[in-house]
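Colleague: First the structure, which I've put down as structure tokens, then a few questions once you've had a look.
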Amino acid sequence: MRVLVIEDDATLGGALAEFLGDQGYAVDLVSSGERASAALSGQTYDLVLLDLNLPGEDGLTVLRRLRANENPVPVLILTARDALEDRVAGLDAGADDYVTKPFELPELAARVRAQIRRRAGQVSPIMEVGPLSFDTVGRELRVNGERVALSVRELSVMEMLMVRAGRVVTKRQIVNSLSAWDADFSENAVEVYIYRLRKRLEKAGVNIQTVRGFGYLLESDAPAQ
């Protein structure tokens, strides 16, 4: 899934981008309110991590404009402002969660997963489609209880297909969700990952169908065991 980090501290911003990248997310990083607004107007994100103390436009201004434009993307505020009135102002402006600095990275990762699950309409951290079970916390796929070894990118593509099981996922959606600005990830690469996933799942009664001119559709003919 694609995440926008809005943080003017270069060291913290870089650390967050690296940490979330290791968790399997595609991460874009900007350091000002103006750049944040430009990114949000040109790209669809699954989550925004927003610092309030930004040069130029502050974080609350960015957030209020985002909600005024009816953009529903979940926003998690990360800030040193820990006063009650600041938390109230952030949540009233449209934030979905509020975390004060300093924070522990494992807790942040859990909050990120929770927000992305809510956006997908998913309550449990475990997704199931037929014999497939995907643990969004442990980042692992199982078929009939047996773990399937997949790369980080393969897991991310599989997660997208399972979140949208029964619906077509286009190549462009996959590229947009899994490719940060500085990443070399193309529609040709998507075809390679889909091929690899098909090979790993072909004996499980799971079919990743190609819908010509549109994209891919995850179907399961096998019941869960």
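The values are calculated or read from the model by the stated rules, or taken from the named source; none is laboratory data. Here the structure is a predicted model, which is why all the values come from computation and not from measurement. In this analysis, Cβ positions are derived from the backbone assuming ideal geometry, glycine residues included, and neighbour counts consider all displayed protein chains. For the accessible areas, the whole protein counts, side chains as well, though only heavy atoms, and no ligand, DNA or RNA atoms are used. Shrake-Rupley method; radii C 1.70, N 1.55, O 1.52, S 1.80 Å.
Colleague: For the range 90-204, what's the relative contact order in percent, using C-alpha pairs closer than 8 Å and at least 6 residues apart?
Modeller: 15 percent
Colleague: Return one whole number: the accessible area per residue of the chain in Å², for a 1.4 Å probe.
Modeller: Heavy-atom SASA per residue in the chain reads 49 Å².
Colleague: Please identify the GluC sites (Glu not before Pro) of the range 73-132 that satisfy two criteria: DSSP loop assignment and at most 15 other Cβ atoms within 10 Å. Which are they?
Modeller: Qualifying residues, ordered by number: GLU104.
Colleague: Starting from 0 in steps of 5 Å, tell me what percent of the Cα-Cα pairs of the chain lands in each bin.
Modeller: 1, 6, 15, 18, 18, 15, 11, 8, 5, 3, 1, 0
Colleague: Relative contact order for the chain using alpha-carbon pairs under 8 Å, separation at least 6, rounded to a whole percent?
Modeller: 17 percent
Colleague: Considering only C-alpha atoms, what is the centroid distance from the range 1-64 to the range 89-149, in Å?
Modeller: With the range 1-64 and the range 89-149 each reduced to a Cα centre, they are spaced 19 Å.
Colleague: In the chain, carbon and sulfur make up what percent of the accessible area (probe 1.4 Å)?
Modeller: Carbon and sulfur: 47 percent of the exposed surface of the chain.
Colleague: While we're looking at this one, here's another question. Calculate how many DSSP beta bridges within the chain are antiparallel, expressed in % of all such bridges and rounded to the nearest 5.
Modeller: Taking every DSSP beta bridge within the chain, about 55 percent pair in antiparallel fashion.
Colleague: Once you compute Rg and the Kirkwood Rh from C-alpha atoms, what is the Rg to Rh ratio for the range 126-200?
Modeller: Rg/Rh: 0.95.
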